[in-house]
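Here the structure is laid out as structure tokens; the discussion comes afterwards.
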Amino acid sequence: MILKGSQRAGGMQLARHLLNTDENDHVTVHEVRGFISHDLHGAFKEAYAVSRGTRCKQFLFSLSLSPPETERVPIEIFEKAIDAIEERMKLANQPRAIVFHEKEGRRHAHCVWSRVDVENMRAIHLPHFKLKLQDISRQLYIENDWHMPRGLANSEERNPLNFTRAEWQQAKRLGRDPRKIKEVFQDCWAMSDGPNGFKNALEARGYYLAKGDRRGFVAVDWRGEVYAISRWTDKRTKEIKAKLGTPEQLPSVDEVKGTIAQKFEDRLRCFKSEIKQEFESARLGLKRKRDLLVARQKSERTDLKEKQGMRWNREAQQRADRFRKGIIGMWDWVTGRRSVIRKNNQEEIARAQSRDDAEMQILVERHLKERRELQQQIKSIRLRHENEQASMHEIASKKIDPIDELQNEEAVNRLRRTSRTKLDYTPF
């Protein structure tokens, strides 16, 4: 369970954040203890008013508790963790409020304590609370047999230079095979019968004919690299002049580079617009699906609470009817029968409370599972969008040839078909 704590002021802002239903699917105020008020705004106002009698400015200690996403974590584990933190931080018996949030298929909790010790009218000092929270967090992972994050197990492993293989491959510029480049130029030369045919054949493959500095024929690719026609076609200057004439009518290398850059930007802008539209359409569809899911879940929880309330009232009446009235009731009191009934009623109340909590926990876990499944779809759409945006950015910054990327993708697909090992590779 990841624990993040902070000393802070701004009680009203914190209360609004904790009760925010726009960013959270479900918000439940679980407990408000030690305050006269029973709501968060009133409780934090009380904490602020008490702090005015001291020099304490950060009069609240706010803590978030985030368990592993896929683990089953009942409320009792949250409460146990909060009690352990309270003892370790010397905040025992301090006024506190506990709020549960459910968002994107995950449930986490917030606990806020007042730091002001009313009896001594001073703020409770919280030295090294981040290190203490880290120790408690590590212990919670061990006690509950959860998979511990490597960064929590060993802080030295959180070095940002520890990239994954996929990140390394994405950052590395792919090389180009000169044999393939020569094949392109020679094929274009062979299939053309004049300057226009050669020019069109080159442009179809991403090369643009231009006039070189020495009045020779060159080609410019969309990376801005310049290729001498005679060298890459293996043709002599006399043969090139016989087929292409003179280069005087061609634009210079700089002019061609400017034209390519403009076409490149226009094309990328078109791609980015298409990617954005696709992502927005998918996002709105999933948002509508999420809203419907959350509304249904809220309705189911309200129905369960109403049914439990009706059952609780009915059972409470049955327990009250067990006490006989009048002279018989006095006789029950004298003989001790009334005391036995009261004890049995208290045990029954405890069982009924456990039953209701278990029913609510089962419903909450089902809702979390439903929300996680939807969140996986949202993450998939978001990741695909980020990868496509990253590809566009990489192309724009390094001008990677899409033909090379396509060839690499085909090679990876062939390797995947012949290997059982799944490659960590994101194709263009």
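Applying a threshold of 6 Å to beta carbon distances and a minimum spacing of six or more residues, or different chains, the list of pairs starting in the stretch 198-215 at a residue that is within 15 Å of residue 182 (Cβ to Cβ) and ending at one that is in a helix (DSSP H, G or I) and open to solvent by 20 Å² or more (accessible area, probe 1.4 Å) reads 201/191; 205/184. In the stretch 337-360, the residues that are free of Cβ contacts under 8 Å to residues at least 12 places away in the same chain and within 14 Å of residue 324 (Cβ to Cβ) form no Cβ pair under 7 Å with any partner that is of a type in the set (D, E, K, R) and open to solvent by 80 Å² or more (accessible area, probe 1.4 Å), whether six or more places apart or across chains. Take residue 260 and tell me if it is over 45 Å from the mean Cα position of the chain (by Cα), in a helix (DSSP H, G or I) and among the hydrophobic types (A, V, I, L, M, F, W, C). Considered against the rule, which asks whether it is over 45 Å from the mean Cα position of the chain (by Cα), in a helix (DSSP H, G or I) and among the hydrophobic types (A, V, I, L, M, F, W, C), residue 260 comes out as no. Residue 380 meets each of the listed conditions (1) at positive phi; (2) at pLDDT 70 or above apart from (1).
Check whether at least one residue in the stretch 25-37 is of a type in the set (Asp, Glu), open to solvent by less than 40 Å² (accessible area, probe 1.4 Å) and in contact with a Phe, Trp or Tyr (Cβ under 9 Å, 6 or more places away or on another chain), and report yes or no. There is no residue in the stretch 25-37 that is of a type in the set (Asp, Glu), open to solvent by less than 40 Å² (accessible area, probe 1.4 Å) and in contact with a Phe, Trp or Tyr (Cβ under 9 Å, 6 or more places away or on another chain). Evaluate the following for residue 142: is it aliphatic (A, V, I, L, M), at pLDDT 90 or above and part of a helix (DSSP H, G or I)? Here the answer is no, as residue 142 does not meet what is asked.
Show the residue pairs meeting these rules: Cβ distance below 6 Å; 6+ apart or different chains; first residue within the stretch 77-103 and among the basic types (Lys, Arg); second residue assigned to a helix (DSSP H, G or I). From residues that are among the basic types (Lys, Arg), the pairs are 88/132. Quick check: anything in the stretch 249-258 exposed (fewer than 12 other Cβ atoms within 10 Å of the Cβ) and farther than 30 Å from residue 387 by Cα? The answer is yes; a qualifying residue exists. Restricting attention to the stretch 300-309, the residues that are over 14 Å from residue 27 (Cβ atoms) and open to solvent by 60 Å² or more (accessible area, probe 1.4 Å) total 4. Pairs meeting the criteria (first residue in the stretch 262-274 and within 14 Å of residue 386 (Cα to Cα), second residue open to solvent by less than 90 Å² (accessible area, probe 1.4 Å) and part of a helix (DSSP H, G or I), beta carbons under 7 Å, at least 6 apart or on different chains) are 271/392; 272/392.
Determine whether residue 296 is among the basic types (Lys, Arg) and assigned to a helix (DSSP H, G or I). Break it down stepwise before answering.
Numbers: among the basic types (Lys, Arg): yes; assigned to a helix (DSSP H, G or I): yes.
Considered against the rule, which asks whether it is among the basic types (Lys, Arg) and assigned to a helix (DSSP H, G or I), residue 296 comes out as yes.
In the condition set (1) free of Cβ contacts under 8 Å to residues at least 12 places away in the same chain; (2) open to solvent by less than 70 Å² (accessible area, probe 1.4 Å); (3) under 27 Å from residue 353 (Cα atoms), residue 321 is compliant with all but (2).
Taking the listed residues 371, 366, 342, the one that is closer than 30 Å to residue 108 by Cβ, part of a helix (DSSP H, G or I) and open to solvent by 50 Å² or more (accessible area, probe 1.4 Å) is 366, with no other qualifying.
When the criteria are applied in full, residue 44 fails the requirement of being open to solvent by less than 30 Å² (accessible area, probe 1.4 Å), under 24 Å from residue 139 (Cα atoms) and aromatic (Phe, Trp, Tyr).
Within the stretch 84-111, can you find the residues that are open to solvent by less than 30 Å² (accessible area, probe 1.4 Å), assigned to a strand (DSSP E or B) and within 30 Å of residue 287 (Cβ to Cβ)?
Narrowing the stretch 84-111 to residues open to solvent by less than 30 Å² (accessible area, probe 1.4 Å): 85-86, 89, 91, 94-102, 105, 107, 109-111.
Now narrow it down to the ones that are assigned to a strand (DSSP E or B): 96-102, 107, 109-111.
Of everything in the stretch 84-111, those that are open to solvent by less than 30 Å² (accessible area, probe 1.4 Å), assigned to a strand (DSSP E or B) and within 30 Å of residue 287 (Cβ to Cβ) turn out to be 98, 99, 100, 101, 102, 107, 109, 110.
So for the stretch 61-77 (the condition being open to solvent by 10 Å² or more (accessible area, probe 1.4 Å) and aromatic (Phe, Trp, Tyr)), does at least one residue qualify? Checking the stretch 61-77: not a single residue is open to solvent by 10 Å² or more (accessible area, probe 1.4 Å) and aromatic (Phe, Trp, Tyr).
Please determine whether any residue of the stretch 270-282 is open to solvent by 50 Å² or more (accessible area, probe 1.4 Å), under 29 Å from residue 363 (Cβ atoms), touching a His at 6+ places or on another chain (Cβ under 9 Å) and not hydrophobic (A, V, I, L, M, F, W, C). The answer is no, given that none of the residues of the stretch 270-282 is open to solvent by 50 Å² or more (accessible area, probe 1.4 Å), under 29 Å from residue 363 (Cβ atoms), touching a His at 6+ places or on another chain (Cβ under 9 Å) and not hydrophobic (A, V, I, L, M, F, W, C). The conditions of being surrounded by fewer than 20 Cβ atoms within 10 Å (Cβ to Cβ) and polar (S, T, N, Q) are not met by residue 114.
The values are calculated or read from the model by the stated rules, or taken from the named source; none is laboratory data. This is a predicted model, so every value here is computed, not measured. Note that each Cβ is placed from the backbone with ideal geometry, even for glycine, and that neighbours are counted across all protein chains shown. For the accessible areas, the whole protein counts, side chains as well, though only heavy atoms, and no ligand, DNA or RNA atoms are used. Shrake-Rupley method; radii C 1.70, N 1.55, O 1.52, S 1.80 Å.
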